[in-house]
Structure formats: structure tokens, C-alpha cells
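Comments concern the structure below.
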Amino acid sequence: MENLYINHIAVLVCAVMSLVIGFIWWSPMLFQKPWQAETGLSDEQLAKVNPAKTFGLTFLLAWLVSYNLAFFLGAPGTTWQWGIGAAMLAALWVVAMFIIIALFEQRTFRYVAINCGYVMVYFAVIGFILGVWR
């Protein structure tokens with residue numbers, strides 16, 4: 001553990017990437033309309049969301065996820081390849097749990113694919129950042 005290294009700026013960037021990737025992922029250019037159709041949320045309902053609460057908690061949780069992954073990738077021999085690989089292994093846990101919950105909620109395959117796709121992309125990006133920015 002004495003050789004553990006965490007780049008705190010990289011962790012912060014990873015947390016910000018959650019918002020950046022989410023902004024693109026759930027935008028009209030990608031999955032906004034299909035996701036809304038699957039969730040049954042209208043534009044009016046989404047407009048009523050408290051942005052400070054939603055984005056603040058999103059950032060905080062993404063920051064914690066990023067630190068958690070950074071601890072796993074803190075060994076001296078970590079590379080961007082291992083960063084992506086380890087992140088994909090961690091994402092597998094998240095995706096599996098999301099699918100289990102979605103099965104009991106009787107969600108559609110499209111709903112699961114949109115949300116799990118975001119998780120996989122986000123984890124790959126932060127794994128890359130934490131692996132390369134040492």
C-alpha cells in the first residue's frame with residue numbers, strides 16, 4: 001500500500017466526465033427520446049427536476065465512484081489498458097445489479113440497454129483517464 005498513487009485532479013476530471021457523458025448520452029442527438037419513451041417521463045416532468053439536487057448528487061456519487069476505482073488502479077504498474085480493463089470489470093457489477101433490478105421492475109430491453117450502455121461508456125472513460133493520467 002505504500003506505493004499507492006492517486007491523482008486527485010484526474011479523479012475530479014472523472015467525476016466531471018459523468019456529467020459530460022450524461023449530457024451527451026441523454027441528449028436529443030443520442031438517447032433522450034427513446035429513454036423518455038421507456039421511462040414515461042414527459043418534458044414537463046423533467047423540467048420540474050431540482051437541478052442542484054440532481055446534478056449535485058450525481059457529481060458527488062461520480063466522485064466517490066471515481067475515487068473507488070482510483071484506489072484499485074493506484075498500483076505503480078497501472079496502464080491505460082489495465083485502467084479500461086479494471087473499469088469494465090467494475091462496470092460488470094453495476095450492470096449486473098441494474099439488470100437484476102430492471103428484471104423485477106419489468107423494464108424493457110431498450111431501457112436496460114440505454115442505461116447499461118451509459119455505465120459501460122462512463123466506466124471505460126474513467127478507467128482510461130485514471131490509467132493514463134498518472
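Who wins for biggest fluctuation among GLY40, GLY83, GLY74 in a Gaussian network model of the chain, springs between alpha carbons below 10 Å?
Largest GNM mean-square fluctuation: GLY40.
Post the alpha-carbon centroid distance, region 1-64 to region 68-86, in whole angstrom.
Cα centroid of region 1-64 versus Cα centroid of region 68-86: 22 Å apart.
How much length is gained if the chain between ASP43 and VAL132 is pulled fully straight, taking 0.36 nm per residue apart and subtracting their Cα-Cα distance, in nm to one decimal?
28.2 nm
Over the chain, one equal point on each Cα, no solvent: what is log10 I(q)/I(0) by the Debye formula at q = 0.09, 0.12, 0.14, 0.19 Å⁻¹?
For the chain, the Cα-only Debye profile gives -0.30, -0.52, -0.69, -1.11.
Apply 1/(1 + (r/R0)^6) to the Cβ-Cβ distance of PHE55 and GLN81, taking R0 = 30 Å, and write down the FRET efficiency to the nearest 0.05.
That gives a FRET efficiency of 0.40.
Could you tell me the relative contact order of region 8-132? Use alpha-carbon pairs under 8 Å, at least six residues apart, and round to a whole percent.
Working: 109 pairs, mean separation 50.0, N = 125.
For region 8-132, the relative contact order is 40 percent.
Which helices of the chain meet both criteria: a Cα extent of 20 Å or more along the helical axis and a mean Kyte-Doolittle score no lower than 1.6, with helices taken as whole DSSP H segments? Could the numbers behind the result be given before it?
Details: long enough: 8-25 (25 Å, 2.41); 51-72 (31 Å, 1.18); 80-104 (36 Å, 2.04); 109-132 (34 Å, 1.73).
Answer set is 8-25, 80-104, 109-132.
Every read-out reported here was derived from the displayed coordinates using simple, explicitly stated rules and does not represent laboratory data. What you are looking at is a predicted structure, and each value in this text was computed from that prediction instead of being measured. Note that each Cβ is placed from the backbone with ideal geometry, even for glycine, and that neighbours are counted across all protein chains shown.
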